Amino acid sequence: MSYNEFSQEKLDKLIQIQDLFKKKFDIDAYENWFYDSESELLRLYNSDEDEIYFKYIPVGSYSREKKTWMWSWFNKSSIEKSKEKVLIIKEFGAKNHYEKLQEGTFPSDEFDAWEFTSICLDFLNGIGAYKVDSNGLDKFMVIMAVEDIDSKTVQQFKQKKVECAEHGPSRPAFVCQHLDCSTVRGFHEAFDTSKGMELEEDDDFQAWCDECEKVRSEHGGWNEESERFAQIKLVCENCYFELKEFNQISNN
Ligand SMILES: [Zn+2]
Ligand SMILES: [Zn+2]
């Protein structure tokens with residue numbers, strides 16, 4: 001079977017499944033979406049009372065600007081663990097010499113993207129497909145199941161207000177201007193933290209380097225001057241813990 005025949009067959013199947021999916025969950029009635037790559041959850045909602053959560057698997061992303069496709073398994077900034085599951089399509093592509101299924105990234109169009117999504121939907125036994133537009137990137141997902149989530153997860157989910165170019169939506173965190181992942185500079189925190197921990201309403205992840213700590217203690221704490229030296233900047237929670245690992249561990 002040629003790739004075109006194969007993908008057309010899957011696309012036809014997607015259209016049928018998608019129809020049921022939309023009707024069953026009244027998908028088009030939700031005006032807003034939000035996804036979280038860490039918990040691999042997609043939230044569709046109109047309000048806090050009118051919402052639904054789905055478990056998803058990322059298929060890949062299509063850049064409308066560059067007109068290129070990138071499979072999720074190839075995308076280093078895609079942090080979903082389930083992207084590994086998409087590798088069975090790559091293997092299948094290699095066996096059948098379907099180039100588009102094997103290469104990580106290449107020039108493409110949106111039609112291709114829907115074909116890839118339909119292939120994944122079929123291979124992974126999804127219940128539907130969804131596309132979100134995140135910073136000019138169309139991110140394609142296979143929806144696996146409706147998810148009942150507890151209130152703690154819901155709360156964490158809603159705290160994710162930073163759209164990190166690298167990690168997608170995440171909770172906000174604050175670090176001094178000096179911290180990066182190229183030179184170890186020490187890592188001082190406002191309180192002990194761990195990734196994914198629960199945060200009180202008023203708490204934020206906050207960290208600064210050795211130099212800042214010196215200036216801070218010289219000034220007896222944070223004041224105008226020590227803050228000017230630190231130039232605290234906003235990063236995402238995932239970036240924060242990358243910085244922590246780099247600047248702290250190597251410091252010990
Ligand atoms: Zn600093
Ligand atoms: Zn980040």
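Restricted to strands (runs of 3 or more DSSP E) entirely inside the range 137-210, those with at least 3 residues that are assigned by TED's automatic domain parsing to the domain that holds residue 107, touching a helix residue (DSSP H, G or I) at 6+ places or on another chain (Cβ under 8 Å) and not β-branched (Val, Ile, Thr) are 137-146. Residues that are over 17 Å from the mean Cα position of the chain (by Cα), of a type in the set (A, V, I, L, M, F, W, C), open to solvent by 20 Å² or more (accessible area, probe 1.4 Å) and more than 25 Å from residue 169 (Cα to Cα) do occur in the range 18-29.
Under the condition of being under 30 Å from residue 228 (Cβ atoms) and more than 9 Å from ligand 2 (Cβ to nearest atom), the residues counted in the range 154-172 number 6.
Applying the criterion of being among the charged types (D, E, K, R) and crowded, with 18+ Cβ neighbours inside 10 Å to the residues of the range 148-203, the residue that is nearest to ligand 1 (Cβ to nearest atom) is 185. The set of residues from the range 51-85 being in contact (Cβ under 8 Å) with a residue 40 or more places away in the chain, open to solvent by less than 50 Å² (accessible area, probe 1.4 Å) and part of a helix (DSSP H, G or I) comprises just one member, 82.
Give me a count of the residues in the range 3-17 that are exposed (fewer than 14 other Cβ atoms within 10 Å of the Cβ) and either more than 16 Å from residue 96 (Cα to Cα) or modelled with pLDDT under 95 (or both). Qualifying residue count for the region: 3.
Cβ-Cβ distances below 7 Å connect the following pairs, each with a first residue in the range 86-106 that is part of a helix (DSSP H, G or I), a second residue that is of a type in the set (S, T, N, Q), and a separation of six or more residues or different chains: 86/72; 90/102; 93/102; 94/102.
Of the residues making up the range 204-235, just one is open to solvent by 60 Å² or more (accessible area, probe 1.4 Å), closer than 27 Å to residue 151 by Cβ and more than 13 Å from ligand 1 (Cβ to nearest atom), namely 234. Selection of the range 175-204 for residues being in contact with a Leu (Cβ under 8 Å, 6 or more places away or on another chain) and closer than 16 Å to residue 216 by Cα yields 175, 179, 185, 187. Within the range 157-179, residues that are closer than 24 Å to residue 45 by Cβ and among the β-branched types (Val, Ile, Thr) reach partners that are open to solvent by less than 10 Å² (accessible area, probe 1.4 Å) and away from ligand 1 (no atom under 16 Å from the Cβ) with beta carbons closer than 8 Å, at six or more positions or on different chains, in the pairs 162/169; 162/170; 162/171; 162/236; 162/237. Here the condition is being over 22 Å from residue 119 (Cβ atoms) and either outside any loop (DSSP other than H, G, I, E, B) or in contact with a Cys (Cβ under 6 Å, 6 or more places away or on another chain) (or both); of 19, 28, 48, it holds for 28 alone.
Kindly indicate whether any position in the range 28-35 is of a type outside the set (Ser, Thr, Tyr), touching a residue at least 24 places away in the same chain (Cβ under 8 Å), farther than 26 Å from residue 109 by Cα and in the same structural domain as residue 85 (by TED's automatic domain parsing). No, that holds for no residue.
The values are calculated or read from the model by the stated rules, or taken from the named source; none is laboratory data. Owing to the predicted nature of the structure, the values given are computational and were not obtained by experimental measurement. Neighbour counts run over all protein chains shown; Cβ positions are idealised from the backbone, glycine included. The area values use the complete protein model at the heavy-atom level, side chains included, leaving out ligands, DNA and RNA. Shrake-Rupley method; radii C 1.70, N 1.55, O 1.52, S 1.80 Å.
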